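Peer 1: One structure coming up, written as structure tokens, with questions to follow.
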Amino acid sequence: MATGFFWDESCFWHAGGNYAFTVPFGGLVQPLAAGGIPENPETKRRLKNLMDVTGLSAELAAQSAPNATRDMQERVHPASYLDAFKAASDAGGGEMGPNVPFARGGYEIATLSAGLTVAAVDAVASGTLENAYALSRPPGHHCEPEKPMGFCLLANIAIAIEAAKAKGLLGRVAVLDWDVHHGNGTENIFYARDDVLTISLHQEGNYPLTTGAITDRGTGSGEGCNINLPMHAGSGHTAYLHALDRVVIPALEAFKPDMIIVACGYDAAIIDPLSRMQATVETFGAMTRKIKETAARLCEGKLVLVHEGGYSEVYVPFCGHAAIAALSGSSIDAPDPLAIAMNNRQPSPAFDLFLRQSIDDMAQQLDL
């Protein structure tokens, strides 16, 4: 079986409106030459371009997918929200929440983005593909049922999980979110559920400011099925791998999922305008290999990576290439052109020891 790669040019056409970085332009805020929010198409388009040039794309089962249907969407989002989103989209675009602008046709592009995730999860769950990557845009992990935020308009992963469950393809699902920002949307949707384990590794005090505490463990039957690991700013390669070894993998082993889905953001990278972390290209490849090995042990290798954040047009393509090559087992490499400089900027041994000790302390607090 092959590794699937789900993408569509139309997703690159999602527009971010009259923004300069994360604030609307006007007054003393000048428009940017490229325009729009940091979540721009070039990080994803340049990833696909790099894969084409290296030959990695040719090794994958690359395909598009149908838009997520209204029934699929309504398993997560209320009709009132979807109706308002569609009406605003048809009327020329707008903004449904803070920092979530979209242009005309934004609703259709968002349902296509969700559809790519639905198709990836369905194909892996049904055994058509060994594993898969969904290059979804706009992203989805911040979107709550009635509250879009953080560039996210539909909860792509949640929609895909519920679609697969409705077909009887999945029982227990684990969602690992290593985007640098807390996966509040996914957490919110499954917070009272014991059939979905949600794990978020994120920079402490970044975004959102009011969610992501280590003490937020779930409620009701979902108590203990939500894990937050708020990591210190400056965490680098070894801290991220230690977090996987010390917290993530033990939690996955205890939960025993039928599938692992990764909310795969690259904004924890050392070059990113929206974070202060120090992960590298090597980090994302290594993390993917670890989770792929874990999926092989726990759930017959059923693993799907879904693209979320990452805002460096230069660095995201190399991070994504490393992750996708690791996912597929490809020998094709796109060497990090900044590897020497980025490795030299990793935390000092003393700071790294502090970072790993803080992860150990949180693991103990989480009873892991």
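The values are calculated or read from the model by the stated rules, or taken from the named source; none is laboratory data. No experiment lies behind these values; they were computed from the predicted model shown. Don't worry about glycine lacking a Cβ; one is built from the backbone with ideal geometry, like all the others, and counts go over all protein chains shown. Heavy atoms of the whole protein, side chains included, go into the accessibility calculation; ligands, DNA and RNA do not. Shrake-Rupley method; radii C 1.70, N 1.55, O 1.52, S 1.80 Å.
Peer 1: Of the residues in the range 151-192, how many are open to solvent by 10 Å² or more (accessible area, probe 1.4 Å), farther than 23 Å from Leu244 by Cα and assigned to a loop (DSSP other than H, G, I, E, B)?
Peer 2: 7
Peer 1: Which ones in the range 196-236 are open to solvent by less than 40 Å² (accessible area, probe 1.4 Å), assigned to a loop (DSSP other than H, G, I, E, B), over 24 Å from Ala163 (Cα atoms) and touching a Leu at 6+ places or on another chain (Cβ under 8 Å)?
Peer 2: Selection gives Asn206, Ile214, Gly234, Ser235.
Peer 1: In the range 325-368, how many residues are under 17 Å from Ala269 (Cβ atoms), open to solvent by 20 Å² or more (accessible area, probe 1.4 Å) and not in a loop (DSSP other than H, G, I, E, B)?
Peer 2: Step one: of the range 325-368, the residues under 17 Å from Ala269 (Cβ atoms) are 325-326, 334-347, 355.
Now restrict to residues that are open to solvent by 20 Å² or more (accessible area, probe 1.4 Å): 335-341, 343-347.
Those left that are additionally not in a loop (DSSP other than H, G, I, E, B): 339-341, 343-344.
Residues in the range 325-368 being under 17 Å from Ala269 (Cβ atoms), open to solvent by 20 Å² or more (accessible area, probe 1.4 Å) and not in a loop (DSSP other than H, G, I, E, B): 5 in total.
Peer 1: Name, by its number, the condition in (1) closer than 22 Å to Glu204 by Cα; (2) buried (at least 24 other Cβ atoms within 10 Å of the Cβ); (3) out of contact with any Asp or Glu (no Cβ under 9 Å at 6 or more places or on another chain) that does not hold for Leu305.
Peer 2: (1)
Peer 1: Something else about it: Could you count how many residues in the range 237-270 are outside any helix (DSSP H, G or I) and open to solvent by 10 Å² or more (accessible area, probe 1.4 Å)?
Peer 2: Selection size over the range 237-270: 3.
Peer 1: Looking for whichever is of a type in the set (Lys, Arg), modelled with pLDDT of 95 or more and part of a loop (DSSP other than H, G, I, E, B) here; the options are Arg289, Arg276. Which one fits?
Peer 2: The match here is Arg276.
Peer 1: Further question on the same structure: Going through the range 59-84 one residue at a time, which ones are surrounded by fewer than 17 Cβ atoms within 10 Å (Cβ to Cβ), out of contact with any Ser or Thr (no Cβ under 9 Å at 6 or more places or on another chain) and hydrophobic (A, V, I, L, M, F, W, C)?
Peer 2: Ala79, Ala84
Peer 1: Given the residues Ala87, Ala119, which is the only one that is of a type outside the set (D, E, K, R), at pLDDT 95 or above, open to solvent by 40 Å² or more (accessible area, probe 1.4 Å) and more than 22 Å from Asn188 (Cβ to Cβ)?
Peer 2: Exactly one of Ala87, Ala119 is of a type outside the set (D, E, K, R), at pLDDT 95 or above, open to solvent by 40 Å² or more (accessible area, probe 1.4 Å) and more than 22 Å from Asn188 (Cβ to Cβ), namely Ala87.
Peer 1: Related question: Does Gly94 qualify as being open to solvent by less than 40 Å² (accessible area, probe 1.4 Å), out of contact with any His (no Cβ under 6 Å at 6 or more places or on another chain) and either modelled with pLDDT of 95 or more or closer than 21 Å to Gly310 by Cβ (or both)?
Peer 2: For Gly94, the condition - open to solvent by less than 40 Å² (accessible area, probe 1.4 Å), out of contact with any His (no Cβ under 6 Å at 6 or more places or on another chain) and either modelled with pLDDT of 95 or more or closer than 21 Å to Gly310 by Cβ (or both) - is not met.
Peer 1: Does the range 19-30 contain at least one residue that is touching a residue at least 40 places away in the same chain (Cβ under 8 Å) and in a loop (DSSP other than H, G, I, E, B)? Before the answer, list the steps.
Peer 2: Initial filter on the range 19-30 (touching a residue at least 40 places away in the same chain (Cβ under 8 Å)): 19, 21-22.
Imposing the further condition that a residue be in a loop (DSSP other than H, G, I, E, B) reduces the set to 21-22.
For the range 19-30, residues touching a residue at least 40 places away in the same chain (Cβ under 8 Å) and in a loop (DSSP other than H, G, I, E, B): present.
Peer 1: Here's another thing I want to ask about it. Given the conditions (1) crowded, with 17+ Cβ neighbours inside 10 Å; (2) among the charged types (D, E, K, R); (3) more than 24 Å from Ala58 (Cβ to Cβ), which single one is not true for Glu293?
Peer 2: Answer for Glu293: the failing condition is (1).
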